[in-house]
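Okay, so here's the structure we're looking at.
Readers should treat all values here as calculations from the given coordinates under stated rules, not as data from a laboratory. Predicted, not measured: the structure shown is a model, and the values here were computed from it. Reconstructed Cβ throughout: ideal geometry from the backbone, glycine too, with neighbour counts over all protein chains shown.
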2 protein chains.
Amino acid sequence: MIGELLRNPNAARVRHVERGFAAAGHGAIHPPHLPVFEYVDYERGSRITDLARHANVSPQAMSEVVDYLERHGYVERLRDPVDGRARLVRPTARGREIYALAGRLVRGLEDEWSARLGARKFRLLKRLLGELWDAVGD
Amino acid sequence: MIGELLRNPNAARVRHVERGFAAAGHGAIHPPHLPVFEYVDYERGSRITDLARHANVSPQAMSEVVDYLERHGYVERLRDPVDGRARLVRPTARGREIYALAGRLVRGLEDEWSARLGARKFRLLKRLLGELWDAVGD
DNA sequence: ATGGTATATTCAAGGTACTTGAGTAGATAC
DNA sequence: GTATCTACTCAAGTACCTTGAATATACCAT
């Protein structure tokens, strides 16, 4: 069944990233926080609402995530100069590390998998997964 | 990145199964309940402890899941004839439908994906995912 | 300009799916 | 037969989400 086949590697990836963060002294960063660092505008900052939409959660939930990241020194809240209702969420120096670290961790895992499966097969697997997603496109 | 590629189809599969259950009048069945129906012994019943180990949750959590399934008429609790401490959890007639329905739903989704991606490519994809898992084997 | 509506955020309460700790009943070992 | 181990349950707490309601600000039509 395709279920197991997709779920197991995905779970392994999540575990790998979580362990990598912990090892790098970022044990406070958990999966629900990552969409922030994937989408946020690192120069201007981004609105809670936009982050929430991208992460597929309610603005209330994202507001709480941002609270947490702010308490832990990963982001700061600024007033939006052009809209008094909005706050802009912008990563701090510490927050800027997260995106890069996540990238390094995932690339490291991909390299390991590629070595174990064979580079050619791994490239093919990624290509087929991409094609599947394009074809199914949910 | 392999992350998206694994996560998206997996999430689509989970949604598909959930919708299928709801459409068949089993809207009370959610993802955490499925491991019960995958592993339980349909004739003798299984112990909470064994179900918990298979599902990778604590016995307490599994106990609550079983409560829920019992309240909704999917399983019944029996005394274990050979161990007075244990209870055996056994699906009712209604519970027996769940395993079959889950299988039909996943096969239906696989057929759709296979049609969209092409049967040859889809078989190859499944084979590569299997090989990856054998090679990485977490 | 002002009144009505829409938007951005936060506060509050609640639900689900887990966790660990503690307690009880029954099984097992010496 | 006492001590220990096991199966389960009860209780309390946490993480991560939800919807509903309140507040401040923006926008828009008259």
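Residue selection: residue B:106 fails the criterion of being farther than 30 Å from residue A:118 by Cα and either more than 16 Å from DNA strand C (Cβ to nearest atom) or of a type in the set (Val, Ile, Thr) (or both). Inspect the stretch B:74-97 for any residue being away from every other protein chain (no Cβ under 14 Å), assigned to a helix (DSSP H, G or I) and within 16 Å of DNA strand C (Cβ to nearest atom) and give the result as yes or no. There is no residue in the stretch B:74-97 that is away from every other protein chain (no Cβ under 14 Å), assigned to a helix (DSSP H, G or I) and within 16 Å of DNA strand C (Cβ to nearest atom).
Residues of the stretch A:121-134 being within 7 Å of chain B (Cβ to nearest Cβ) and surrounded by 15 or more Cβ atoms within 10 Å (Cβ to Cβ), which ones? Working first, answer last.
Step one: filter the stretch A:121-134 for residues within 7 Å of chain B (Cβ to nearest Cβ), giving A:121, A:124-126, A:128-133.
Those that are within 7 Å of chain B (Cβ to nearest Cβ) and surrounded by 15 or more Cβ atoms within 10 Å (Cβ to Cβ): A:121, A:124, A:125, A:126, A:128, A:129, A:131, A:132, A:133.
Residues in the stretch A:8-17 that are surrounded by fewer than 17 Cβ atoms within 10 Å (Cβ to Cβ) and charged (D, E, K, R): A:15 alone. If the condition is being of a type in the set (Ser, Thr, Tyr) and more than 8 Å from DNA strand D (Cβ to nearest atom), then the stretch A:38-78 contributes A:39, A:42, A:46, A:49, A:63, A:74. With respect to the conditions (1) surrounded by fewer than 13 Cβ atoms within 10 Å (Cβ to Cβ); (2) away from DNA strand C (no atom under 13 Å from the Cβ); (3) away from chain B (no Cβ under 14 Å); (4) without any contact (Cβ under 8 Å) to a residue 40 or more places away in the chain, residue A:30 falls short on a single one, namely (1).
Checked against the criterion of being among the hydrophobic types (A, V, I, L, M, F, W, C) and within 26 Å of residue A:34 (Cβ to Cβ), the candidates B:36, B:17 yield just one match: B:17.
Tallying residues that are crowded, with 18+ Cβ neighbours inside 10 Å and of a type outside the set (Gly, Ala, Ser) within the stretch B:33-57 yields 8.
Looking for whichever is within 15 Å of DNA strand C (Cβ to nearest atom) and either within 13 Å of chain A (Cβ to nearest Cβ) or polar (S, T, N, Q) (or both) here; the options are B:56, B:8. Which one fits? Even if it seems obvious, please write down each step before you answer.
Values: B:8 fails: within 15 Å of DNA strand C (Cβ to nearest atom).
Just one listed residue meets the conditions, B:56.
I'm trying to understand the selection: among the residues of the stretch A:107-120, which are surrounded by fewer than 18 Cβ atoms within 10 Å (Cβ to Cβ) and part of a helix (DSSP H, G or I)?
Applying the first criterion (surrounded by fewer than 18 Cβ atoms within 10 Å (Cβ to Cβ)) to the stretch A:107-120 yields A:107-108, A:110-112, A:115-116, A:118-120.
Result: A:107, A:108, A:110, A:111, A:112, A:115, A:116, A:119, A:120.
Of all the numbered requirements in (1) of a type in the set (Ser, Thr, Tyr); (2) closer than 24 Å to residue A:25 by Cβ; (3) surrounded by fewer than 15 Cβ atoms within 10 Å (Cβ to Cβ), residue A:99 misses one, and that requirement is (3).
If a residue has to be closer than 30 Å to residue B:128 by Cα, in a helix (DSSP H, G or I) and within 14 Å of DNA strand D (Cβ to nearest atom) to count, how many in the stretch A:5-37 make the cut? Before you say what the answer is, go through the steps one by one.
The initial filter retains those residues of the stretch A:5-37 that are closer than 30 Å to residue B:128 by Cα, namely A:5-21, A:30-32, A:34-35.
If we keep only those that are in a helix (DSSP H, G or I) as well, we get A:5-21, A:31-32, A:34-35.
From what is left, the residues that are within 14 Å of DNA strand D (Cβ to nearest atom) are A:14-15, A:17-18, A:21, A:31-32, A:34-35.
Total meeting the criteria: 9.
When residue B:44 is tested against (1) more than 23 Å from residue B:108 (Cα to Cα); (2) in contact (Cβ under 8 Å) with a residue 24 or more places away in the chain; (3) not in a loop (DSSP other than H, G, I, E, B), only condition (3) is not met.
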